[in-house]
Amino acid sequence: NLLMINHMIKTIDAFSLQGYFDFDKYERKSEYGGVSKHNFPEQAVDFLVENNIKGGIFNDFNSGAYLIGRTFPNIKVFIDGRTEVYGSTFFQLYRKTIEGDSQNFDRFQKKFDLTGAFLNLLYDPSYAKIIKHLHKSPEWVLVYFDYDAVVFLKDVEKNRQVIDKFAIDLKDYKTERLDIAKLGLKNITPYRYANRAYALLNMGEVDKAKEEALEALKYFPYYSHLHVILGKVDIENNDFENAFKELRIAKLLDQKDPEIRYLLALTYFNLGEPDKARQQLSRVQGKLRRIPEVVELEEKLSALGK
């Protein structure tokens, strides 16, 4: 049944290339024949523009061009899609930084006078460490948090007015409730909830992340990302048996996500099943393979021997 549901979800996702669900208006929006705002961090950039935020910002690669198009000349982006302009050495340093090298970030911050940070693609596990670093740093303040991005401002004089007005204490964050009657029988992909939950988890708000994921499951229980989030919450709480239950569902719903394979490997390792852990880890490919947590698990398994 889960495999059949997975096939249905992929069919829905194929259609979603031509449309998406507008959570604000409770209706499906067509993307056919045009460019959708849904694919860009529109609301987060609105925040920058409306509050006249200026200066150098550290941003993710994917957001660079959109930020230039909407915020130039007030904001100087750190990187965008013109890799030939930046060069391979700079791009590799960026990649190390976005994947959590806090020393690199601090060097860049001083060198380029960075007073803001803008991070989209909140579900990307590679971003977890840099988001956590910013959130824990006393020099940086979270001023925008939603499904499309997180925005941090450095606590300096030129940002003080915006910080005083918009500083966010996630302890006060409340999960958004949808009107189930308005939603009716519409098929939706609760990406907003999943993105916010990933960000909350990355900023150490484990209970808030769980609330966000559980709320989304009420509206669409077959979205693999929600089960990944709940599995990660259980891992944070050292509850590996429940983590396995959630991650098993996630894998049945999505056979290709390498993060699920890594998390299953980590869970098997902690349940005393090293051979099964190795089997799952061997299927982790791409950039996830080089993040420190994956490398560390691989070393632990190697130390155990065959």
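Read-outs: derived from the displayed coordinates by stated rules, not from any lab. In this text, all values refer to a predicted model and were calculated from it rather than measured experimentally. Cβ: placed from backbone, ideal geometry, glycine included. Neighbour counts: every protein chain shown.
Run the dipole for the chain about the Cα centre, Lys and Arg Cβ at +1, Asp and Glu Cβ at -1, nothing else charged, and hand back the magnitude in debye, nearest 20.
Working: 45 positive and 45 negative charges, 118 e Å.
Here the chain has a charge dipole of around 560 debye.
Stokes-Einstein at 25 °C, 0.890 mPa s, Kirkwood radius from Cα pairs: D for the range 198-278 in µm² s⁻¹?
Working: Rh = 12.6 Å.
In µm²/s, the coefficient is 195.
Which of 67, 142 comes first, and how do the rest follow, when ranked by fewest Cβ neighbours within 10 Å?
Working: 67 24, 142 21.
Placing the least packed residue first, the sequence is 142, 67.
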Quick one: pull the percentage of alpha-carbon pairs in the range 133-224 with a separation above 15 Å. 63 percent
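For the range 137-181, rounded, prolate or oblate, judged on the Cα gyration tensor with a ≥ b ≥ c (square roots of eigenvalues), a/c < 1.5 rounded, else prolate if a/b > b/c? Could the numbers behind the result be given before it?
Values: a/c = 2.77, a/b = 2.70, b/c = 1.02.
Prolate shape, in that a/c is at least 1.5 and a/b is the bigger ratio.
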Taking the Cα atoms of the range 40-168, what is the range of coordinates along each of the three principal axes, in descending order and whole Å? 39, 30, 29
Relative contact order of the range 40-168, please, whole-number percent, based on alpha carbon pairs below 8 angstrom and at least 6 residues apart. 25 percent
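Against the 2.2 N^0.38 Å scaling, with N counting residues, where does the chain land? I'd like the Cα-based Rg ratio to two decimal places. Don't jump to the answer; show the numbers that get you there.
Values: Rg = 20.0 Å, N = 306, 2.2 N^0.38 = 19.4 Å.
Cα Rg divided by the expected 2.2 N^0.38 Å: 1.03.
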Choice from 241, 157, 42 with maximal GNM fluctuation in the chain (Cα, 10 Å cutoff): 157
In nm², what is the average projected area of the convex hull enclosing the Cα atoms of the range 156-306? 12.0 nm²
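Only counting other Cβ atoms within 10 Å, I'd like 228, 206, 156 sorted with the fewest neighbours first. Please list the in-between numbers first.
On the way: 228 28, 206 16, 156 12.
In increasing order of surrounding Cβ atoms, one gets 156, 206, 228.
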Between the range 280-294 and the range 248-276, how far is it from one alpha carbon centroid to the other, in angstrom? 12 Å
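Can you tell me which of 187-197, 88-98, 255-265 comes out highest on packing, and rank the rest after it, using the mean Cβ neighbours within 10 Å?
187-197, 255-265, 88-98
Return the FRET efficiency for the residue pair residue 207, residue 92: r is the Cβ-Cβ distance, R0 is 45 Å, and the value is rounded to the nearest 0.05. Walk me through the numbers on the way to the answer.
Details: r = 37 Å, r/R0 = 0.82.
That pair, residue 207 with residue 92, gives E of 0.75.
Semi-axes, largest first, in whole Å: what does sqrt of 5 times each Cα gyration tensor eigenvalue give for the range 71-138? Please report the intermediate quantities before stating the final value.
Working: eigenvalues 69, 45, 35 Å².
Sorted largest first and rounded, they come to 19, 15, 13 Å.
Compute the relative contact order of the chain as a whole-number percentage, counting only Cα pairs closer than 8 Å that sit 6 or more residues apart in sequence. Please report the intermediate quantities before stating the final value.
On the way: 411 pairs, mean separation 38.0, N = 306.
It rounds to 12 percent for the chain.
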By the C-alpha gyration tensor axes a ≥ b ≥ c (rounded if a/c is under 1.5, else prolate when a/b exceeds b/c, else oblate), the shape of the range 166-218 is prolate
Taking a straight Cα-to-Cα line shorter than 29 Å from residue 110, and setting aside same-chain lysines fewer than 8 residues away, one finds 54, 76, 96, 129, 132, 136, 154, 158, 165, 287
